[in-house]
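The values are calculated or read from the model by the stated rules, or taken from the named source; none is laboratory data. Just so it is clear, the structure is predicted and the values come from calculations on it, not from any experiment. A quick note on method: Cβ atoms are made from the backbone with ideal geometry, for glycine too, and the neighbour counts reach across all protein chains shown. Surface areas here come from the heavy atoms of the whole protein model, side chains and all, with no ligands, DNA or RNA. Shrake-Rupley method; radii C 1.70, N 1.55, O 1.52, S 1.80 Å.
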Amino acid sequence: MFNADEQFEKLGLSLPPAPKPLGVYKPCLIDGKYLYLSGHGPVQNDKSLIIGRIGRELTQEEGKLAARQVGLTMLSTIKENLGSLNQVKRVIKVLGMVNCTPEFEKHPYIINGCSELFASVWGEENGVGVRSAVGFGSLPDNIPVEIEALFELY
């Protein structure tokens, strides 16, 4: 079996603290063999959020890094609630929401920051699922990226 925890260690990245809900929702929900993750933002290791609109305060590259940070935040939620990334069999669906200026058009490039992380953790076959990447006029607390996802569990 593919060892996602070992793969993550090889990347040399660190997980931020798993965020606590700031509203009336669950960060994750297991239904049978499926794990649903609520929308996550880019939480940093000091618990602060990356803030800014892409195309205004943040560049395209900074936006992609913010999306990777969202992915790390999601991995943190998985580890806190399931104990191990190895509980995830594969990524099924990712919905990436990009807080950007009206003329910004590279939403998929931004969300690749998260998708590439998932592919490196679970491998190309199981780490890449179906995906949507869309632009928004605003997101909570002016975060640049919010991502939700659906995973299949073992």
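Rolling a 1.4 Å probe over the protein heavy atoms of the range 1-140, with every protein chain left in place, gives an accessible area that is 52 percent carbon and sulfur. Rounded to the nearest whole Hz, the Karplus-based 3J(HN,Hα) values (6.51 cos²θ - 1.76 cosθ + 1.60, θ = phi - 60°) of the range 82-88 follow the sequence 10, x, 7, 5, 5, 6, 8, with x at glycine and proline. In the chain, the DSSP beta bridges split such that about 70 percent are antiparallel, to the nearest 5.
For the range 1-61, a/c is not less than 1.5, where a ≥ b ≥ c are the root eigenvalues of the C-alpha gyration tensor, and a/b does not top b/c. That puts it in the oblate class.
Relative to one another, the C-alpha centroids of the range 70-100 and the range 3-60 are positioned 7 Å apart. Taking amide H atoms as placed 1.01 Å from N in the peptide plane, the amide H of residue 131 lies under 5 Å from those of 94, each 5 or more residues away in sequence or on another chain. Placing +1 on the Cβ of every Lys and Arg and -1 on the Cβ of every Asp and Glu, with nothing else charged, gives the chain a dipole about its Cα centre of roughly 240 debye.
To the nearest 10 Å², what's residue 28's accessible area with a 1.4 Å probe? Result for residue 28: roughly 20 Å² accessible.
Per DSSP H run of at least 4 residues, take -39500 (n - 2.57); add these up for the chain, divide by its residues and hand me the 222 nm value, nearest 500 deg cm²/dmol.
On the way: 3 runs with 52 residues, N = 154.
Value at 222 nm, helices only, nearest 500: -11500 deg cm²/dmol.
Working from Cα pairs under 8 Å separated by at least six residues, relative contact order for the chain is 34 percent. Exposed loop sites, defined as GluC sites (Glu not before Pro) outside DSSP H, G, I, E and B with at most 11 other Cβ atoms within 10 Å, are absent from the longest region of the chain, namely 1-102. For the chain, the solvent-accessible area of protein heavy atoms averages 51 Å² per residue (probe radius 1.4 Å; ligands and nucleic acids excluded).
The count of lysine pairs in the chain that are at least 8 places apart or cross chains, and whose C-alpha atoms lie under 27 Å apart, stands at 29.
Backbone geometry of the range 19-31 corresponds, through the Karplus equation with coefficients 6.51, -1.76 and 1.60 at θ = phi - 60°, to 3J(HN,Hα) couplings of x, 8, x, 9, x, 9, 6, 9, x, 8, 9, 9, 10 Hz, x marking Gly and Pro.
Considering only the other residues whose Cβ falls under 15 Å of the Cβ of residue 23, what net charge follows from Lys and Arg at +1 and Asp and Glu at -1? All intermediate terms of the calculation are to be shown ahead of the outcome.
On the way: positive: 20, 26; negative: 141, 146, 148.
Taking every Cβ under 15 Å from that of residue 23, the sum is -1.
With θ taken as phi - 60° and the Karplus curve 6.51 cos²θ - 1.76 cosθ + 1.60 applied, the whole-hertz 3J(HN,Hα) list for the range 148-153 is 10, 8, 10, 10, 9, 9 Hz, x standing for glycine and proline.
Kindly work out what percent of the DSSP beta bridges joining two residues of the range 88-154 are antiparallel, to the nearest 5.
Of all bridge pairs located within the range 88-154, approximately 55 percent are antiparallel.
Set Lys and Arg Cβ to +1 and Asp and Glu Cβ to -1, take the dipole of the chain about its Cα centre, and tell me which of 102, 150, 44 lies farthest positive. After comparing all options, I get 150.
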